[in-house]
Amino acid sequence: MAASNGTTYDVRIWEVRPVVGKTRTTYELRWKVARKARSKSFGTRALANSRRAELLSAVNRGEPFDVESGLPVSQRRDRTNEISWWEWVLTYVDTKWPTLAPSSRRSMVEALVTCTIAMLDPARRGRPSEAELRSAMTTWAFVPTRRKAGPPTSERAHRAVAWLAKGTRPVIALDDPTTARKVLDAVVSKKDGTPAAPTTIARKRAVLYNVLDLAVEQGIFAAHPLDRIRWKAPKVAEGFDPRSVVNPTQARALLEATRKLGSDAPEATRADRAARRHGRHLTAFFGCMYYAALRPSEARGLRLGNLDLPTGNGWGQLVLEAGDPEISGTWTDGGRRTRRQLKHRALGAIRLVPCAPALVQLLQEHLDEFGTAPDQSLFRGPAGGRLLSGAYNRAWRDARRAVLQDADESPLALRPYDLRHTAVSTWLAAGVPSTQVAAWAGHSVAVLHRVYAHVVADSQAVAQGRIDAFLGGIHS
């Protein structure tokens, strides 16, 4: 008869039997749990009968037996006390890896490396350097595809993994509030000891909580260890700096500046000409963020088939179906960068975004001058390969310096991503319903209201003024 959580009541226990050997006689206790035979030998009949009596008492009390260990659940704790943090984390990684997106895998590994360093046994000798331990975890141990392919090829990584297999504390040690607080405190700092960003802290704490949540589910902990700790992570700012939003005049000036990068060099070198040409190549890329609120990965993922442009002037439409996130092949199933479904969307889902006449013109000019890559991608790197953040961030920095006198101190459009914030803010300020803005931007309405709370509040004030004017007209 099955119980739950890997336990059963199907238990049979036999009489102790002597086993005569060449030099001595031992006494074997045999029993079955869920039809799986178990046995243990003892030096004397009394010891064997004593252990048999313990098992019989558990059966008579109606206690379920653990199928894996073959012991009563009250004695299963002995095994959980032995499970090291290292053993448990590897189990956790193998469980979670298949369902996670590449960026989430990377974040998970970063969090687990931090927590594992905090769970090292200080009494164990021969510890490799922290850099070697981190490298072994990041490049091999916490990447299931590499771990299953064979042992690490590097001698240092091999030595570090061998030490980690025996050098971490038991998972159950986190039942001690002092130990749990030590690990929590580790997530608030970067490797150099400086404070980590609130978003990083929240992400790492969430991974740690999930690791221990699985341990609760598997019976290692009776209750979640972190729930007893009075520890607060720094608050994460979900909004953005409204000072980063550019007005239409500034946006047009910045986009125009990308067209002219390097064009004022008196003696244009080959590098100058390459920079100038790539600056022009990125004008439409930045335009997609400003006019259509695309994320950088979504703009990188645009292909010719995603454009629904009119033949003349007027509005068009972007049909978004995939993004091209910039992430190492370490975190992908194929071992290389791959296109992914849209953020927060199911595989195969699309998002329709209006394409303003100004963006239609930018895209048509881009196609006329640069065409597309062999895979019909619109935007490419300076050498013709995939467009990386370093290339477009460098171009954006140069464009800001050409337009803004205090570019290095000003928060105005500090990052290309701020163009997306500008687009969403513009739509809301123009009175577009938040449900429609959320659909265009690829947000939920709840996230939209949190991130753009100040813009939504301003829009509501405008709407209330219109209501007052309307009601005033009726009652005058």
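Here is how the numbers come out for the structure above:
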item: Any hit, the stretch 154-175, residues being over 24 Å from the mean Cα position of the chain (by Cα), of a type in the set (Ser, Thr, Tyr), farther than 30 Å from Leu359 by Cβ and surrounded by fewer than 17 Cβ atoms within 10 Å (Cβ to Cβ); result: yes
item: Residue satisfying all of: in the stretch 382-404; touching a residue at least 12 places away in the same chain (Cβ under 8 Å), part of a loop (DSSP other than H, G, I, E, B) and of a type outside the set (A, V, I, L, M, F, W, C); surrounded by the fewest Cβ atoms within 10 Å (Cβ to Cβ) among these; result: Arg386
item: Flag if Glu15 is in a loop (DSSP other than H, G, I, E, B), at pLDDT 90 or above, over 18 Å from Leu214 (Cα atoms) and not assigned by TED's automatic domain parsing to the domain that holds Asp324; result: yes
item: Neighbours by Cβ (under 8 Å, 6+ apart or cross-chain): first from the stretch 214-225, more than 15 Å from Glu68 (Cβ to Cβ); second of a type in the set (Val, Ile, Thr) and surrounded by fewer than 14 Cβ atoms within 10 Å (Cβ to Cβ); result: Leu214/Thr95
item: Residue match in the stretch 117-133 (condition: polar (S, T, N, Q), surrounded by 14 or more Cβ atoms within 10 Å (Cβ to Cβ) and assigned by TED's automatic domain parsing to the domain that holds Leu100); result: no
item: Count of the stretch 189-217 residues which are within 14 Å of the chain's Cα centre (by Cα) and surrounded by 18 or more Cβ atoms within 10 Å (Cβ to Cβ); result: 7
item: Of all residues making up the stretch 348-380, the number that are free of Cβ contacts under 8 Å to residues at least 60 places away in the same chain, in a loop (DSSP other than H, G, I, E, B) and surrounded by 15 or more Cβ atoms within 10 Å (Cβ to Cβ); result: 1
item: The one condition in (1) surrounded by 15 or more Cβ atoms within 10 Å (Cβ to Cβ); (2) under 23 Å from Lys96 (Cβ atoms) that Lys148 fails to fulfil; result: (1)
item: Test: Val33 is in contact with a Ser or Thr (Cβ under 7 Å, 6 or more places away or on another chain), exposed (fewer than 13 other Cβ atoms within 10 Å of the Cβ) and not acidic (Asp, Glu); result: no
item: Evaluation of Val437 against (1) among the aliphatic types (A, V, I, L, M); (2) modelled with pLDDT of 90 or more; (3) assigned by TED's automatic domain parsing to the domain that holds Arg259 (one fails), failing number; result: (3)
item: Index of the failed condition, Ser425 passing every other in (1) modelled with pLDDT under 90; (2) assigned to a loop (DSSP other than H, G, I, E, B); (3) hydroxyl-bearing (Ser, Thr, Tyr); result: (2)
item: Test result for Leu100, surrounded by 12 or more Cβ atoms within 10 Å (Cβ to Cβ), closer than 19 Å to Val171 by Cα and under 30 Å from the mean Cα position of the chain (by Cα); result: no
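Every residue, every condition in (1) of a type outside the set (D, E, K, R); (2) in contact (Cβ under 8 Å) with a residue 24 or more places away in the chain; (3) within 30 Å of Glu217 (Cβ to Cβ), yes or no:
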| site | (1), (2), (3) |
| --- | --- |
| Asp10 | no, yes, yes |
| Arg17 | no, no, no |
| Glu28 | no, no, no |
| Ala37 | yes, no, yes |
| Thr44 | yes, no, no |
| Leu47 | yes, no, no |
| Arg52 | no, yes, no |
| Pro64 | yes, yes, yes |
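The values are calculated or read from the model by the stated rules, or taken from the named source; none is laboratory data. All values reported here derive from a predicted model rather than from experimental measurement. Reconstructed Cβ throughout: ideal geometry from the backbone, glycine too, with neighbour counts over all protein chains shown.
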